[in-house]
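Peer 1: Below is one structure. I have some questions about it.
The numbers here are math on the coordinates, done by the rules we state, and not lab data. Here the structure is a predicted model, which means the values were calculated and not measured. Glycine also receives a Cβ, built like all others from the backbone with ideal geometry; neighbour counts cover every protein chain displayed.
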Amino acid sequence: MRLDSEVNGRIYSMTGFGEGVASADGVKIETKIRTVNHSGLSVRIRGLRDDKLLQHKAERLVKDSFSRGRVEVQISTERSGVIDLEGVDTERIAESYEALKRLADSLDMDDDPTLSDLISLDLFENSAGPPKSWPALKASLEGAAEEALESQRVEGDDLQKDLLGYVEDMEDGVEEIEGKIPLIVSGHKEKLKSRVEDLLDEPAELDQGRLEQEFATVADKLDVSEELSRVATHLESARDSLRNGGVIGKRLKFIGQELQREINTLGAKAKDGEVQTDVIELKLTLEKFKEQARNVA
């Protein structure tokens with residue numbers, strides 16, 4: 001049942017819900033598990049009161065079932081079709097009976113209140129108190145955990161598709177920028193040459209060596225090949241992680257941070273207006289990627 005790195009091909013959301021039910025000695029144990037996003041693994045169990053042994057066993061089982069997220073566990077018990085008369089507030093029931101009888105008299109009703117009428121008022125406590133049977137509690141917990149994990153798997157499939165789509169969009173954006181860089185460098189080179197010629201009376205006076213040195217300086221300033229290469233490498237790592245599946249949430253978070261750094265540098269170095277527009281699109285897609293990745297276990 002455990003969600004771990006050996007899982008191949010699927011990723012998991014940290015959001016899920018599951019229910020489990022088991023019975024023992026006429027007592028029904030119902031467990032509800034709700035999971036939400038969290039940086040690590042946090043487990044909170046309600047319904048066991050001060051039973052330290054059961055509390056420890058239940059926490060261990062839940063921690064062995066989930067790897068990340070905040071896990072809220074609610075455990076409740078009730079007797080299966082049997083009313084527990086011990087501790088019943090008979091005085092309150094008698095008062096309720098008299099009140100119903102007075103109401104019937106005021107309405108000129110011939111029939112007196114019945115036991116069914118009293119039961120319908122929820123005057124009888126059917127709670128069995130905290131569970132006492134570990135095998136039954138364990139079965140209930142395992143059922144709820146498996147359901148919660150399955151809901152995480154289903155949502156994880158949608159996350160996987162979305163995240164792979166964002167990776168593909170960013171890869172397309174990188175290719176778009178790569179195709180523009182040579183033209184941008186060439187355009188800046190021609191502009192520089194034209195400006196120098198305008199400043200000189202005779203083009204023949206141009207120092208070609210000095211001019212080529214200036215061209216190289218311009219090209220170096222506009223060169224974002226290293227940034228594009230690192231972005232492409234991080235995107236490949238993200239795609240491989242998503243395809244392999246497993247517990248990859250923290251890895252995706254790290255990749256997102258590295259992509260953010262490289263794309264910011266890319267935007268700072270790229271002076272061309274079209275490239276700046278492409279970089280903005282990259283940043284917008286990256287934000288969508290990071291937002292979805294926060295949901296991944």
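Peer 1: Just to confirm a number: summing +1 for Lys and Arg and -1 for Asp and Glu over residues other than Asp105 whose beta-carbon lies under 14 angstrom from that of Asp105, what do you get?
Peer 2: So the surrounding residues net to -3.
Peer 1: Related question: Longer than 22 Å from Cα to Cα, which of Lys180/Lys290; Lys32/Lys132; Lys161/Lys288; Lys32/Lys161 are they? Say none if no pair is.
Peer 2: Lys180/Lys290; Lys32/Lys161
Peer 1: Continuing with the same structure: Can you give the FRET efficiency to the nearest 0.05 for Asn244 and Asp25, using r as the Cβ-Cβ distance and R₀ = 35 Å?
Peer 2: Once rounded, the FRET efficiency stands at 0.15.
Peer 1: Sticking with this structure for a sec: Go through 160-166, 9-15 and give me the packing order, highest mean Cβ count within 10 Å leading.
Peer 2: Going by the mean number of other Cβ atoms within 10 Å, highest first, we get 9-15, 160-166.
Peer 1: FRET efficiency for Trp134 and Lys253, Cβ-Cβ distance as r, R0 = 30 Å, nearest 0.05?
Peer 2: Efficiency, rounded to the nearest 0.05: 0.20.
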